[in-house]
Amino acid sequence: MAGSPIHTTSDTGWKAELAAFFDTRGETASTEPSLEELCYIAGRDPRLWRDEALLDDLKRDIVHRMQASTASRVLEVGCAGGFLARLVATEVAEYVGIDLAPGAVATARRLALTNATFEVADGERLPFADASFDAAFCYDVYTNFPTFEDGVPLIAEMLRVVKPGGRVLVGSLPDRAKTADLPKRVAEIAADLERRQGPLPPPPLQPACVGKVGTGKAEPKLVAPTWRQAPALLDRLLQMAGWAPRDSVRPSQTSAAPNAPALTPRIVTYEFARDDFVALAARLGAKVELGEIHDRNPYKGYRFNAIYWREAG
């Protein structure tokens, strides 16, 4: 790989909180995960993604941007419960998904996609040989990095495991230049979804351990979570759209495991400047192309994609 190793400098506690968020949500999925359950794990509004035309547009756009085909071996970093695996795996020869959260990976495996495998792994240290994939992508993943530099090792690793000339898609990046305009757009989309499909559905039942009287043992029980500890509706929708004020982050859930260290499973979304992704290409000895997200997405104009590659030869 060209250049010196890339290292992050910020506190990594956010990564443990992020993994715990997806791990906890992954445990809520049923044996055959539904679209709504996959949306819940990924932090997506299921009312938006019930639109088959929107899903198809997203699938075609990801495959096109990676220049993938039915002969391609493709890697997804940050696959969560397999929301995108369901779309992309059908278009390629082999799909591999990795995620930090075992609970989310377990859900993805239950999708039983015949040409897909899922592993628990860190995107900063991919357990794959150099040039072992035709293309790679992460989508709605970079949004979780507190700083631009925190995500650089992930891009560097994806470039390492992709063949020369192969594309690395870093998708659905919240545009910092549109931060001031985003709340209004979120409110417009939320109002439209409410009018057409009703209110945001409640989250799935969550497993919890409760003590059985007289035994001292814990037994699993399904409980319906409330939103009392969660952000207000607009804040939650803003997070789904790709932005949350840094000074108003709230926990989504708290760990209840006995003797476990204090940990708040949570997801926070951050916005980024396009110029940083352009400048990074020179540091990594790569080419880059910026573009808009897929046409049917109502947040087009508020998010963008960055596509990296190293020329063959």
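The values are calculated or read from the model by the stated rules, or taken from the named source; none is laboratory data. Keep in mind that this is a model prediction, so the values were computed, not measured. Ideal geometry is used to build each Cβ from the backbone, glycine not excepted, and the neighbour counts take in all protein chains shown.
Can you find a residue that is of a type in the set (Val, Ile, Thr), modelled with pLDDT of 95 or more and over 22 Å from GLU17 (Cα atoms) anywhere in segment 105-112? Walk me through how you get there before you give the answer.
Within segment 105-112, the first condition is being of a type in the set (Val, Ile, Thr), and the residues that meet it are 105, 107.
Applying the additional criterion that residues be modelled with pLDDT of 95 or more yields 105, 107.
Adding the requirement that they be over 22 Å from GLU17 (Cα atoms) leaves none.
No, segment 105-112 has no match at all.
Please specify each residue of segment 142-174 satisfying the condition of being in a loop (DSSP other than H, G, I, E, B) and either touching a Ser or Thr at 6+ places or on another chain (Cβ under 7 Å) or modelled with pLDDT of 95 or more (or both). Write out each step before concluding.
Let us first name the residues in segment 142-174 that are in a loop (DSSP other than H, G, I, E, B), namely 145-147, 163-167.
Across segment 142-174, the qualifying residues are PRO146, THR147, LYS163, PRO164, GLY165, GLY166, ARG167.
So which residues in segment 111-138 are surrounded by 19 or more Cβ atoms within 10 Å (Cβ to Cβ) and out of contact with any helix residue (DSSP H, G or I) (no Cβ under 7 Å at 6 or more places or on another chain), if there are any at all?
Scanning segment 111-138 gives a single hit, ASP134.
Within the group VAL120, VAL105, which residue is in contact (Cβ under 8 Å) with a residue 40 or more places away in the chain and among the β-branched types (Val, Ile, Thr)? Write out each step before concluding.
Working: VAL120 fails: in contact (Cβ under 8 Å) with a residue 40 or more places away in the chain.
The unique qualifying residue is VAL105.
Those residues that are among the polar types (S, T, N, Q) and touching a Pro at 6+ places or on another chain (Cβ under 8 Å), I need them from segment 109-165; list them, please. Reasoning before the result, please.
Taking segment 109-165 as the starting set, the residues that turn out to be among the polar types (S, T, N, Q) are 114-115, 117, 132, 143-144, 147.
Residue satisfying the conditions is THR143 alone.
Within segment 117-139, does at least one residue satisfy the condition of being out of contact with any strand residue (DSSP E or B) (no Cβ under 6 Å at 6 or more places or on another chain), assigned to a strand (DSSP E or B) and either at pLDDT 95 or above or closer than 30 Å to PRO33 by Cβ (or both)?
Going through segment 117-139, the residues out of contact with any strand residue (DSSP E or B) (no Cβ under 6 Å at 6 or more places or on another chain) turn out to be 120, 122, 124-132.
Next, only the ones that are assigned to a strand (DSSP E or B) stay: 120.
Still in the list and also either at pLDDT 95 or above or closer than 30 Å to PRO33 by Cβ (or both): 120.
Scanning segment 117-139, I find at least one residue that is out of contact with any strand residue (DSSP E or B) (no Cβ under 6 Å at 6 or more places or on another chain), assigned to a strand (DSSP E or B) and either at pLDDT 95 or above or closer than 30 Å to PRO33 by Cβ (or both), so the answer is yes.
Do any helices (runs of 4 or more DSSP H) lying entirely in segment 10-115 carry at least 1 residues that are more than 22 Å from GLU157 (Cβ to Cβ) and hydroxyl-bearing (Ser, Thr, Tyr), and which ones are they?
Values: elements: 13-26, 35-42, 46-49, 52-66, 85-88, 102-109.
Those helices (runs of 4 or more DSSP H) span 13-26, 35-42, 102-109.
Tell me which of these GLY103 doesn't satisfy, since it passes every other one: (1) farther than 19 Å from LYS15 by Cα; (2) touching a Gly at 6+ places or on another chain (Cβ under 6 Å).
Status for GLY103: all satisfied but (1).
Considering THR264, THR226, which residue is at pLDDT 50 or above, polar (S, T, N, Q) and part of a loop (DSSP other than H, G, I, E, B)?
Unique residue meeting the criteria: THR264.
Residues of segment 81-101 being crowded, with 24+ Cβ neighbours inside 10 Å and in contact (Cβ under 8 Å) with a residue 60 or more places away in the chain, which ones?
ASP99, ALA101
Among residues belonging to segment 175-207 that are modelled with pLDDT under 95 and assigned to a strand (DSSP E or B), point out the one that is surrounded by the fewest Cβ atoms within 10 Å (Cβ to Cβ).
PRO207
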